[in-house]
Amino acid sequence: MNILFELSNNVEKLPTWITKWAPDWSMEKWGQNSIMSLMMSLLIVISAIIIGKVVYWAIGKFVKKLAAKTKTGLDDILVDKLEEPVVYGIVIVGFFWGFNRLNFTESVDNIFASIFMIIFILNVTWLIVRVLDSMIEEYVVPIVEKSESDLDDQLLPIMRKVMKGVLWAFGFIIALSNSGFDVGALIAGLGIGGLALALAAQDTVKNIFGGIMVFIDKPFKMKERIKVNGMDGFVEDIGIRSTRLRTLEGRLITIPNGQFSDNSVENVTNEPTRKVVVNLGLTYETDPDNMTQAMDILKDIVAKNSKLTGDVLVSFNSWGDFSMGILFIYYIKSGSDILDAQTEVNMEILRQFNAAGLDFAYPTQMQYNKDLK
C-alpha cells in the first residue's frame with residue numbers, strides 16, 4: 001500500500017517537458033487540482049482498464065493454452081480462477097492510483113482510502129474463495145462420487161457453502177478492521193445475535209450434527225432396512241437434517257437425524273442371519289414315537305433347505321391346555337428372501353406332518369357328564 005502512495009505522489013510531479021508543452025489553460029485550477037492533473041488521473045484509470053483487458057485477452061489466448069498442455073490439472077484451475085480477480089485487481093489499483101494523486105480534503109481522502117481498502121481486500125477474498133472451491137471441485141468431488149455412501153454427496157455442497165461463508169465473513173471483518181471500523185463492537189453484536197439464533201435453532205443444529213454422525217459412523221446406508229424408535233422400514237433418502245424411511249406398510253416417514261443420536265439403531269439388512277421362532281402344537285393323542293418323529297421331520301426340513309444355515313433347535317417344551325408344544329427355531333441365511341424361506345419351511349411342515357398322520361391341535365374342550373341318581 002505504501003508503494004502505491006509513493007507512486008501516486010511521484011506522478012503528481014509532472015515532467016518539465018510536459019509542463020512546457022501543455023497549454024496554459026491546462027494548468028488552471030479546477031477546485032484543488034489543475035486540469036492537467038485531472039487529465040493525467042483519467043489517463044491512468046483508462047490505462048488500467050486497457051491493461052486489464054489486455055491481460056485478460058493474453059491469459060485466454062496464450063496462458064490457458066500453455067496450461068492445457070501440461071499433465072497436471074492444477075495449473076488449469078489456477079489460471080482459470082485467477083484471471084478475473086487479477087484483472088479486477090489491476091483496474092482497482094488503477095482507480096486508486098488515479099484518484100489518490102489528486103488533492104482533496106482530508107475527510108474525502110480518508111473515505112476514499114477506506115473504500116479502496118474494502119474493495120481490494122474483498123477482491124483478494126474472492127480470489128481465495130475461487131481457488132479453494134475449484135480445488136475441492138477438482139480433487140475432493142471425484143473422491144466423494146466414488147464412495148458408497150450417499151450422505152457425503154449431500155454433505156459436501158453444504159460444507160462448500162459453509163467454507164465460502166466463513167471466508168467471506170473473515171474477508172469482511174479484515175476489510176472493515178483495516179478501514180478503521182470498530183470490528184470488536186460488530187463481532188460482539190453478532191455474537192449476541194448468533195446466541196439468540198442458536199437457541200432458537202437448537203433442534204435444527206442437533207439434527208444437522210446427527211446427520212454428520214450418520215455420515216461418520218455409517219450405521220446404515222441407502223436401501224437398507226433399519227429399526228429405530230419403534231419404526232421399521234427401508235432407507236430411501238439420507239439428508240443433512242432428516243432421513244426418509246419407507247415402512248413395511250409402504251408409508252413414507254421423515255425422521256429427524258437427531259433421533260439417531262438419542263436412540264439405538266438396529267440395522268436389519270446387516271444381520272448375519274434371520275432367526276425364526278415357531279411354536280407348534282400337536283394333539284394329546286400323539287404318542288412318544290410320533291412326537292420324536294415330528295421333531296426329526298423338523299430337523300430334516302432345515303437340513304435340506306439351501307436358504308437356511310442348517311442350525312436348528314427343536315424341543316418338546318410345553319404342556320398346553322389343549323396341545324403338546326414343540327419349540328422350533330431355525331435361521332435364514334443373509335441375502336435370502338425371508339418370506340419365501342418361511343413359506344417353504346411352513347409348506348414342508350404341513351406336507352410332511354399330514355403325510356405322517358401328525359395332527360395339529362386346535363382349541364377344544366371335553367366335557368364329562370355324571371348321571372345323578
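The values are calculated or read from the model by the stated rules, or taken from the named source; none is laboratory data. Values in this document were obtained by computation on a predicted structure and should not be read as measured data. Here Cβ is always computed from backbone atoms with ideal geometry, including for glycine, and neighbour counts include all displayed protein chains.
Among what's in the stretch 309-349 and is assigned to a loop (DSSP other than H, G, I, E, B) and small (Gly, Ala, Ser), pick the residue that is nearest to ASP287 (Cα to Cα).
Selected residue: SER323.
If you check PHE95 against the conditions, is it in a loop (DSSP other than H, G, I, E, B), in contact (Cβ under 8 Å) with a residue 40 or more places away in the chain and assigned by TED's automatic domain parsing to the domain that holds LYS161?
no
Yes or no, residue by residue, for (1) assigned by TED's automatic domain parsing to the domain that holds LEU132; (2) among the hydrophobic types (A, V, I, L, M, F, W, C); (3) modelled with pLDDT of 75 or more:
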residue	(1), (2), (3)
LEU7	yes, yes, no
THR16	yes, no, no
ILE35	yes, yes, no
MET39	yes, yes, yes
GLU84	yes, no, yes
ILE90	yes, yes, yes
LEU102	yes, yes, no
SER107	yes, no, yes
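Conditions (1) modelled with pLDDT of 85 or more; (2) surrounded by 14 or more Cβ atoms within 10 Å (Cβ to Cβ); (3) part of a helix (DSSP H, G or I), marked per residue:
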| site | (1), (2), (3) |
| --- | --- |
| ALA113 | no, yes, yes |
| PHE120 | yes, yes, yes |
| TRP126 | yes, yes, yes |
| VAL140 | no, yes, yes |
| GLU145 | no, no, yes |
| ARG160 | no, yes, yes |
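Can you tell me which residues in the stretch 253-283 are exposed (fewer than 14 other Cβ atoms within 10 Å of the Cβ) and out of contact with any Asp or Glu (no Cβ under 8 Å at 6 or more places or on another chain)?
Matches in the stretch 253-283: THR254, ASP262, SER264, GLU271, PRO272, LYS275, VAL277, ASN279.
Looking only at residues that are free of Cβ contacts under 8 Å to residues at least 40 places away in the same chain and touching a helix residue (DSSP H, G or I) at 6+ places or on another chain (Cβ under 8 Å) in the stretch 239-271, which one is nearest to GLU224 (Cα to Cα)?
THR243
Taking GLY335 as meeting all but one of (1) closer than 30 Å to MET213 by Cα; (2) surrounded by 12 or more Cβ atoms within 10 Å (Cβ to Cβ), write down the number of the exception.
Unmet condition: (2).
Kindly evaluate LYS299 against the criterion of being free of Cβ contacts under 8 Å to residues at least 24 places away in the same chain, surrounded by 13 or more Cβ atoms within 10 Å (Cβ to Cβ) and not aliphatic (A, V, I, L, M).
For LYS299, the condition - free of Cβ contacts under 8 Å to residues at least 24 places away in the same chain, surrounded by 13 or more Cβ atoms within 10 Å (Cβ to Cβ) and not aliphatic (A, V, I, L, M) - is met.
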